[in-house]
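The values are calculated or read from the model by the stated rules, or taken from the named source; none is laboratory data. No experiment lies behind these values; they were computed from the predicted model shown. Here Cβ is always computed from backbone atoms with ideal geometry, including for glycine, and neighbour counts include all displayed protein chains. All accessible areas refer to the heavy atoms of the entire protein, side chains included, with ligands and DNA or RNA removed. Shrake-Rupley method; radii C 1.70, N 1.55, O 1.52, S 1.80 Å.
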Amino acid sequence: MRKRRCHPGPIAALLLLAALPLIGCVPEGGDGPALTPAPEPSWQEVAARLPERIGSFQRGSAMPLPAGATGLEIPYANPGRVIAGYVRIIPQAAAPVAEAALQQHVAEVTGAAAAHRRLGEQARLDLPAGREAFFRCVELGGHFGRQPVDSLLCSGARGRNLIQLRLTMARREGRLEQAREFAAAVAAALR
């Protein structure tokens, strides 16, 4: 008795080649393992990611937000408080979205200032620059009394938390660039 040997025909070979890209695929909504998204960080976890030092800036003691609002304000300053400000972390449920929060922050700083403090919008930018910017920022310029000053205000989001940043400094060459570098470093720490 002779054994029959089978050779796949050209149609069978084409069907096998057509099926190769599908090997290992799982149908949508099907039987494969479900991927669970990482949990959103709490505002306390976001605050814990802020380093003690960012360049020449030293972190101060965190304080609760004014008027009993939920969240934290973390002060930062470089030596001699030449450039000083804060990073605020606010649970998103208690705050507007980042772009609206930036507009509100700019309005508070430029509109409600005392008569001897005048600030106006100079420029808008994204930090870090590029497709996936973390912060939307506004650079302000003006005077505190007779002293020319610059200020950088930024808003972004990490999970469901609003992140606001503000730095203010007497106007001197290179200080606004230092403020931008600080904001980019905060963005990197919170990603």
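Determine the distance separating the Cα centre of the range 108-153 from the Cα centre of the range 58-104; give it in Å without decimals.
Taking the Cα centre of the range 58-104 as reference, the centre of the range 108-153 is 15 Å away.
May I ask you to order 44-50, 162-168, 183-189 by the average number of other C-beta atoms within 10 Å around their residues, highest value first? List each step's numbers first, then the result.
Numbers: 44-50: 16.4, 162-168: 23.4, 183-189: 19.6.
Top to bottom by mean Cβ count within 10 Å: 162-168, 183-189, 44-50.
In the range 57-191, what percent of the accessible surface is made up of carbon and sulfur (1.4 Å probe, ligands and nucleic acids excluded)? Mind dumping the intermediate values first?
Numbers: 3400 of 6530 Å².
That fraction is 52 percent.
Got the relative contact order for the range 85-191 handy, in percent, Cα pairs under 8 Å and 6 or more residues apart? Don't jump to the answer; show the numbers that get you there.
On the way: 193 pairs, mean separation 31.2, N = 107.
This gives 29 percent for the range 85-191.
Would you tally the net charge around Ala189, using a Cβ to Cβ cut-off of less than 13 Å, leaving Ala189 out, and scoring K and R as +1, D and E as -1?
Working: positive: Arg49, Arg53, Arg59, Arg158, Arg191; negative: Glu45, Glu52, Glu181.
In short, +2.
Given H placed on each backbone N at 1.01 Å, which residues far from Ile83 in sequence or on other chains put an amide H within less than 5 Å of it?
Asn78
If you take every residue apart from Arg124 with its C-beta less than 13 Å away from the C-beta of Arg124, what net charge results, scoring Lys and Arg +1 and Asp and Glu -1? Don't skip to the answer; put the middle values down first.
Numbers: positive: Arg136, Arg180; negative: Glu99, Glu121, Asp126, Glu139.
Result for the local shell: -2.
What per residue convex hull volume, in Å³, comes out for the range 49-184 when only alpha-carbon positions are used? Don't skip to the end; give the middle numbers.
Working: hull volume 15.7 nm³, N = 136.
With only Cα atoms used, the range 49-184 gives 115 Å³ per residue.
Residues with beta-carbon under 9 Å from that of Ala179, excluding Ala179: net charge, scoring Lys, Arg +1 and Asp, Glu -1? Intermediate results must be reported in sequence, preceding the final value.
Working: positive: Arg175, Arg180; negative: Glu139, Asp150, Glu177, Glu181.
Within the 9 Å Cβ shell, the charges total -2.
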